[in-house]
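Okay, structure first, notes after.
None of the figures in this text is laboratory data; all of them are computed from the coordinates on show. These numbers come from a predicted model, not from an experiment. Here the Cβ is made from the backbone with ideal geometry for all residues, glycine too, and neighbour counts use every protein chain on show.
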Amino acid sequence: MHIVVCIKQVPDSAQIRIHPVTNTIMRQGVPAIINPFDLFSLEEALRIKDKVGARVTVLTMGPPMAETSLRKALSLGADDAVLLTDRKFAGSDTLATSYALTSAIKKLSEEEQVDLVFCGKQTVDGDTAQVGPGIATRLGFQQLTYITKIESIDQGAREIVVHRRSEGGVQVLKTALPCMITMLEGTNTIRFGKMDDMFRAARYGLKTWSKDTTGAEETKVGLKGSPTVVSKVFVPKPRAQKATMVEAEAPTAEAPSAEAMAAAAVEAILGAQPKLADELLARAAAGL
Amino acid sequence: MSEPSKPQGRKFQLPEHLKEYKGIWVIVEQERGSVHSVSWELVGEARKLADKLGVEVGAVVLGADSPELNAICGDAFTYGADVVYKVTDPVLADYRTDPYTRVMTDVVNTYKPEIVLLGATTLGRDLAGAIATTLATGLTADCTELDIYMDNRSLAATRPTFGGTLLCTIQTLAYRPQMATVRPRVMSMPDRDDNRTGRVVEVFPALREDDVITKVLSFIADREQNEAQLAFADIIVAAGKGLGKPENLKLVFDLAKVLGGEVGVTRPLVQAGWTGFDRQVGQTGKTVRPKLYIAAGISGAIQHRVGMEKSDLILAINTDPNAPIFDFAHLGLVGDALTILPALTDAFGKRLSVNRLAG
Ligand SMILES: Cc1cc2nc3c(=O)[nH]c(=O)nc-3n(C[C@H](O)[C@H](O)[C@H](O)COP(=O)(O)OP(=O)(O)OC[C@H]3O[C@@H](n4cnc5c(N)ncnc54)[C@H](O)[C@@H]3O)c2cc1C
Ligand SMILES: Nc1ncnc2c1ncn2[C@@H]1O[C@H](COP(=O)(O)O)[C@@H](O)[C@H]1O
């Protein structure tokens, strides 16, 4: 069994800062991490490897510095790593990104047939959740998104049973390999790396592939291959008005009591939303 | 990079063969006979955009033929659709990516809408990602605002990026249709007009179950699982780290009970295991739009804010008068949530029971 896990290196979004004057993103000094959602998928792939045996290849498309994320994944137990990097990929939107990644997966399949592709649910910087479905569609793989659990996987019969989150509940699906899976967050916890994997990760000779290595067509990658363009970037407008503060009377030199504050808050709420007051009263009157 | 006063898109020429793409579609999300309300929110939004462009609103309803499905087609008109594409086949009874993708690809290629909108739900995002690939066109996910650049009649799809710290407006150039997904509760629910009707275009795709590899073995409904129905609550009492310890969550549950509302939380509480993920509000949780949102002990981080700022009325309770939440809440109360919450429960209880006696 050959499993490919697509991971993306992203800036640690909790620490994104916007330049106060130019409104641009200040990337300097922002640490890069593996997209947190990808770790749930990587862990699930490693669990399949532990259970039924598999070769796990991690794949990323990005600048040369994305190498750190690949080594991190190797230290967690991935077997091989491919860095897809080329200036010609710059500016790719999700359609072009999924095309480029698919070209690399096809090349990996020439070495050893790929049975499963894992992607993250979404990235924290792009946030689109489109690249996984894009890859599945291009490869003609069964598409299994928002998976909460892999119930069973039968290598001989090439069958897999999963639980998939849908809006109103959980679908239990049975399908055949090959497929593309995105795991829902919180479904597992990424393991700690083992010492020997860490040493191996440090020494591992990464495969670095360019557009020409995978045979991707120039017109389908980068800006040329991207139907969408960002026409404007801006900082959300702050709401014009700040909150009206709830105040209550208090005996001199003392803070108002919680009771007084609460009573004032109730009046403020019902005053601001007279309709809400009627509804609440109607509900209460109906004894709900 | 500041917001230009007049919206203006990137200049481009739409090739002649793409000019026949006309009309705005919403793919109506129905599972087991019930429609996800985001679909009607989008029909309402599509109506506004279509009126700007002077084109029709189409609603695509897919499923196995049934009386429920017919009722859904009727509802689509009352919310603002001009045409309903009713696509029926037994194979479409349950949502599965592959048959839905094949059918939608064909229907789009046949009837050629210029814009296709879907809810940013598990179904909508799964399907949108697949058909944007088969149609080789642009898709903008999780939009919070849609508009039309009138100079070139293209869709201006605005979405948060980098966790809501920035907004960006995305445009699909010389490709059609232009696709976007929008989160539930971001657009408001349109009013029904029961007198509205329209054309129904029936499509019979003639699928074969044998051609579909993925099978649905069973469906475990949330109703049986007791999950919080946050997205549809009219009143939400939400708790943040300011509550101190898990036992104190009782205070928000008590207040929610008196108000007939639901309980929401910030992400750190979910991560610390105080309660389930189904109660998380924010960028990586649910988007909510209740009539009243009471935020207790919540700082108001951008990732939380994007999930609740469209609430009609926000009351924030925080010990810190400089907490960012006071910048966008409507009402603020500086104080200790641990004492204010029980007092609010009492005050609302009294207020409502007094009226019950009087009424
Ligand atoms: C990629 C990413 C995604 C995220 N997604 C989400 C998301 O979906 N939803 C979400 O909520 N967060 C999300 N976050 C986390 C978010 O950035 C904040 O960390 C989080 O919202 C803060 O939660 P909080 O307000 O409960 O805690 P804090 O920020 O610690 O705020 C606690 C507040 O309580 C006040 N307080 C303390 N004691 C009291 C008291 N006794 N009475 C009243 N007030 C008191 C304090 O003054 C403070 O303002 C995300 C972060 C990242 C990086
Ligand atoms: N540049 C990339 N390299 C490798 N994998 C990627 C890349 N971009 C996206 N992905 C994968 O696709 C998933 C969804 O990404 P997105 O559509 O950007 O939200 C991610 O979680 C990754 O698994």
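Expressed as a rounded percentage, what relative contact order does chain B have, with Cα pairs under 8 Å and six or more residues apart?
Values: 715 pairs, mean separation 50.5, N = 359.
Computed value for chain B: 14 percent relative contact order.
Peptides A:266-278, B:180-192: what's the order by average Cβ count within 10 Å, highest mean first? Kindly include the intermediate steps, with their values, before the conclusion.
On the way: A:266-278: 15.8, B:180-192: 20.5.
So the peptides A:266-278, B:180-192, ranked by packing, come out B:180-192, A:266-278.
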Using modelled amide H (1.01 Å from N, peptide plane; none on Pro or chain starts), what sits under 5 Å from the amide H of A:Met245, excluding residues fewer than 5 places away?
B:Gly332
If I fit a long axis through the Cα atoms of helix A:258-272 and take the longest principal axis of the Cα atoms of chain A, what angle between them do I get, 0 to 90°, rounded to 10?
80 degrees
Kirkwood hydrodynamic radius, computed over distinct alpha-carbon pairs, for chain A: how many Å, to one decimal?
22.3 Å
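Please find the FRET efficiency linking B:Met189 to A:Lys149, where r is the Cβ-Cβ separation and R0 is fixed at 35 Å, and quote it to the nearest 0.05.
Numbers: r = 34 Å, r/R0 = 0.97.
After rounding to 0.05, the efficiency reads 0.55.
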Please list log₁₀ I(q)/I(0) at q = 0.16, 0.18 Å⁻¹ for the stretch B:303-343, using the Debye equation with identical point scatterers on the alpha-carbon positions.
-0.41, -0.51
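Taking every residue in B:119-125, how many Cβ atoms of other protein chains lie within 10 Å of its Cβ, on average?
Averaged over the peptide's residues, the number is 5.
Given a cut-off of under 8 Å on Cα pairs at least six residues apart, what relative contact order in percent is computed for chain A?
Working: 500 pairs, mean separation 60.2, N = 288.
Worked out over chain A, it gives 21 percent.
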Once you sort the root eigenvalues of the Cα gyration tensor of the stretch B:16-211 as a ≥ b ≥ c, which label holds: rounded (a/c under 1.5), prolate (a/b larger than b/c) or oblate (the other case)?
rounded
Looking only at lysines whose Cα falls under 27 Å of B:Lys257's and that sit 8 or more positions away or on another chain, we get A:Lys275, B:Lys241, B:Lys245, B:Lys286, B:Lys291, B:Lys310, B:Lys350
At 7 Å along the Cα-to-beta-carbon direction for both B:Asp312 and B:Ile213, put a label point, then send me their distance in nm to one decimal.
4.9 nm
Can you work out D for the protein assembly as shown in µm² s⁻¹ from Stokes-Einstein, where Rh is the Kirkwood radius over C-alpha pairs, the temperature is 25 °C and the viscosity is 0.890 mPa s?
93 µm²/s
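Could you sort out which of A:Lys49/A:Lys194; A:Lys211/A:Lys232; A:Lys220/B:Lys19 sit more than 19 Å apart by Cα distance in this structure? Walk me through the numbers before you get to the answer.
Numbers: A:Lys49/A:Lys194 15 Å; A:Lys211/A:Lys232 29 Å; A:Lys220/B:Lys19 23 Å.
Over 19 Å apart, Cα to Cα: A:Lys211/A:Lys232; A:Lys220/B:Lys19.
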If R0 is 60 Å, what FRET efficiency do you get for B:Thr319 and A:Met195 from their C-beta distance, rounded to 0.05?
0.85
Need one number: nm distance between label points at A:Lys174 and A:Ala90, each 7 Å from Cα along Cα→Cβ, rounded to one decimal.
5.1 nm
Backbone HN-Hα couplings from phi across the stretch B:342-353 [Karplus 6.51/-1.76/1.60, Hz, Gly and Pro as x]
x, 5, 5, 4, 4, 4, 5, x, 5, 4, 6, 6
Farthest towards the positive end of the dipole of chain A, among A:Gln155, A:Met180, A:Ala216 and with Cβ unit charges of +1 on Lys and Arg and -1 on Asp and Glu, lies the Cα of A:Ala216
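Divide by every residue of the protein assembly as shown the summed helix terms, -39500 (n - 2.57) for each DSSP H run of at least 4, and state the resulting mean residue ellipticity at 222 nm, rounded to the nearest 500 deg cm²/dmol. List each step's numbers first, then the result.
On the way: 16 runs with 196 residues, N = 647.
-9500 deg cm²/dmol, from helical runs alone.
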Calculated on alpha-carbon atoms, Rg and Dmax of chain B in Å:
22.6, 70
Sorted by mean Cβ packing within 10 Å, highest first, what order do the peptides B:132-145, A:43-56 take?
B:132-145, A:43-56
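Once a ≥ b ≥ c are taken as the square roots of the eigenvalues of the Cα gyration tensor of the stretch A:240-287, is the result rounded (a/c under 1.5), prolate (a/b larger than b/c) or oblate (a/b not larger than b/c)?
Values: a/c = 4.48, a/b = 1.62, b/c = 2.77.
The shape class here is oblate.
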